[in-house]
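The structure appears below as structure tokens.
The values are calculated or read from the model by the stated rules, or taken from the named source; none is laboratory data. This structure is a prediction, so every number in the text was calculated from the model and none was measured. Quick reminder, even Gly has a Cβ in these numbers, built from the backbone with ideal geometry, and neighbours come from all protein chains shown. Accessible surface areas use protein heavy atoms only, side chains included; no ligands, DNA or RNA. Shrake-Rupley method; radii C 1.70, N 1.55, O 1.52, S 1.80 Å.
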Amino acid sequence: MAQRMGGQPIFILSEGTQRTRGQDAQESNIAAGKAVAEAVRTTLGPKGMDKMLVSGSGDVVITNDGATILNEMDIEHPAAQMIVEVAETQEDEVGDGTTTAAVLSGQLLLKAQNLLDDDVHPTTIVEGYHEAARIAQDVIGEQTLGEEIDDELLRKVAATSMTGKGTGDVDADTLAEHVVAAVEHVRDGSDVERDDIHIETKVGGSSGATELVEGFILDEERAHENMPRRVEDADVLILDAELEVRETEVDAEFSITSVDQLNAALESEEAGLREYVDAIVEVGADVVFCTDDIDDRVASWLANEGVLAFENVNNTDAKSLAKATGANRVGTLRDLDPADLGFVESVHIEKYGEDELAFVEGGAEAQAVTLLVRGGTEHVVDELERAVEDAVDVVVATVESGEVVPGAGVVEIAIASGVRDAAASIEGRKQLAVEAFADAIEVIPRTLAENTGMDQIDALVDLRAANEDGRAGIIVRGETGEIADPVEYGILDPAAVKREAVESATEAATMIVRIDDVIAAD
Ligand code: ADP
Ligand code: MG
């Protein structure tokens, strides 16, 4: 890459750098962004289809979840990657609405391309989109239902977020009930301790067996089969150290030449292991959660002492256990302090199919709650877990903000109409960009109609008319869709999901439009 100055080329970029400028850069970025959005479009709404994603190593994921699809797709194009980030932000911030956000950004890009073709300057498009997004937020506020946020309403929000997900043979209403109960369990007014809600999955049994457990479930076997299956009023030790012989000790300190020496070595090894057990018993621990290995001999001796222990507990579980029981995680058994122990009312083992699960209930510090999700196969369970995660998130978002809006495309139609009205008083070409935003957001009801098998143009015309002096969305009932009031059918979304979708989609689309130079290193 060279710039000319007085006939001498000046190289400012290393050889092999790819540079695309101006319209070419814009066009290719916009096309890439649109392509990504297009990929998830058919999954939107209750009649949305699923995607099967196969990784290089042959792992298969079947999902309807926008964020998961985009994550698994291994997208390389930098502009396309920004749409993936929209979905990720949406997932992190509110936990639902990822497809909506991605599809909306794609449509904003498509409309932006049309404006660029008509010689509207990128800066004007960016300003117009931001203006329209502000108006959209006002409309969302106006659309917020005045109803009291009670459990019945929360169940509707949860069920809405799960419709169309592969919830197997459990109906969304039963799951929604469990989800709301879980949130109620850890809720204090509008404060929800989201971290105290756990989701545990188990293959085997029908999905109908999904249940709510007041406590934490650890998917680990006991370290030894002679350990107790139930411990009440347990002092809990959480240990981040291995209870094994340190290899180096044996190798370095003994060079074994006789049977006597071998016995001496083994004895000293055992004495070391014994010390672990003594320390645990002495400090008064009844249950040990160890994040590392436990030697079989240690496990067996602990069992003799009536101590229940688990090995190789993962870090996330250890964190949750520490939080629930009030235990401090300790890194060594030297100088154990009883003050580091936590407490639970009970730990008991139950058999689920082939596996054992440990139920940790009545933690001293935090009231953990676990949704135990069961399904026939790994794929079903995974998708159920994602659906339940989304449902928990939307219920939490609703409890925290107290704002609920009608679903099924009503908010998007209202935004389009509100933004169009406002556009009339906006001067110059910016007006075109504001109008383009209004057209773009109608992609949501259009896609809901399309995925339901309705004609999208007819549906849009009918929807606009019906919302002139009423409220109507694309209601999916059985095999067909009809135009009716979603509130009457309990189809409700948290306002926070819509707010975030508008914000993150606008942000990504405007960022892509503003780029006129792509400089890619080799
Ligand atoms: P997202 O990833 O954006 O959440 P979904 O596939 O979950 O995508 O679809 C969400 C949209 O589907 C929301 O606009 C919601 O209001 C709508 N929706 C949910 N249930 C129904 C229903 N029974 N009829 C019509 N629309 C519904
Ligand atoms: Mg959803």
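Some observations on this one:
- Taken over region 370-411, the residue count meeting the criterion of being β-branched (V, I, T), in a helix (DSSP H, G or I) and open to solvent by 30 Å² or more (accessible area, probe 1.4 Å) is 1.
- Some residue of region 488-496 being assigned to a helix (DSSP H, G or I), farther than 17 Å from L115 by Cβ and open to solvent by 40 Å² or more (accessible area, probe 1.4 Å): yes
- Restricted to region 89-103, and to residues there that are closer than 14 Å to A39 by Cβ and either more than 10 Å from ligand 2 (Cβ to nearest atom) or of a type in the set (A, V, I, L, M, F, W, C) (or both), the residue that is farthest from the chain's Cα centre (by Cα) is V103.
Yes or no, residue by residue, for (1) on the phi < 0 side of the Ramachandran plot; (2) touching a helix residue (DSSP H, G or I) at 6+ places or on another chain (Cβ under 6 Å):
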| residue | (1), (2) |
| --- | --- |
| H379 | yes, no |
| V388 | yes, no |
| V396 | yes, yes |
| V399 | yes, no |
| G402 | no, no |
| G407 | yes, yes |
| V411 | yes, yes |
| S417 | yes, no |
| D421 | yes, no |
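- Condition check for Q26: among the polar types (S, T, N, Q), modelled with pLDDT of 85 or more and either open to solvent by less than 50 Å² (accessible area, probe 1.4 Å) or in contact with a strand residue (DSSP E or B) (Cβ under 6 Å, 6 or more places away or on another chain) (or both): no
- Within region 440-481, the set of residues being assigned to a helix (DSSP H, G or I) and surrounded by fewer than 17 Cβ atoms within 10 Å (Cβ to Cβ) comprises I457, D458, V461, R464, A465.
- The listed residues are A466, A508, and the only one of them that is in contact (Cβ under 8 Å) with a residue 60 or more places away in the chain and more than 8 Å from ligand 1 (Cβ to nearest atom) turns out to be A508.
- Count of residues meeting criterion [over 22 Å from P46 (Cβ atoms), charged (D, E, K, R) and modelled with pLDDT of 90 or more] in region 166-206: 1
Yes/no per residue for (1) modelled with pLDDT of 85 or more; (2) open to solvent by 50 Å² or more (accessible area, probe 1.4 Å):
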position	(1), (2)
N312	yes, yes
D317	yes, no
S320	yes, no
R334	yes, yes
E356	yes, no
G363	no, no
I413	yes, no
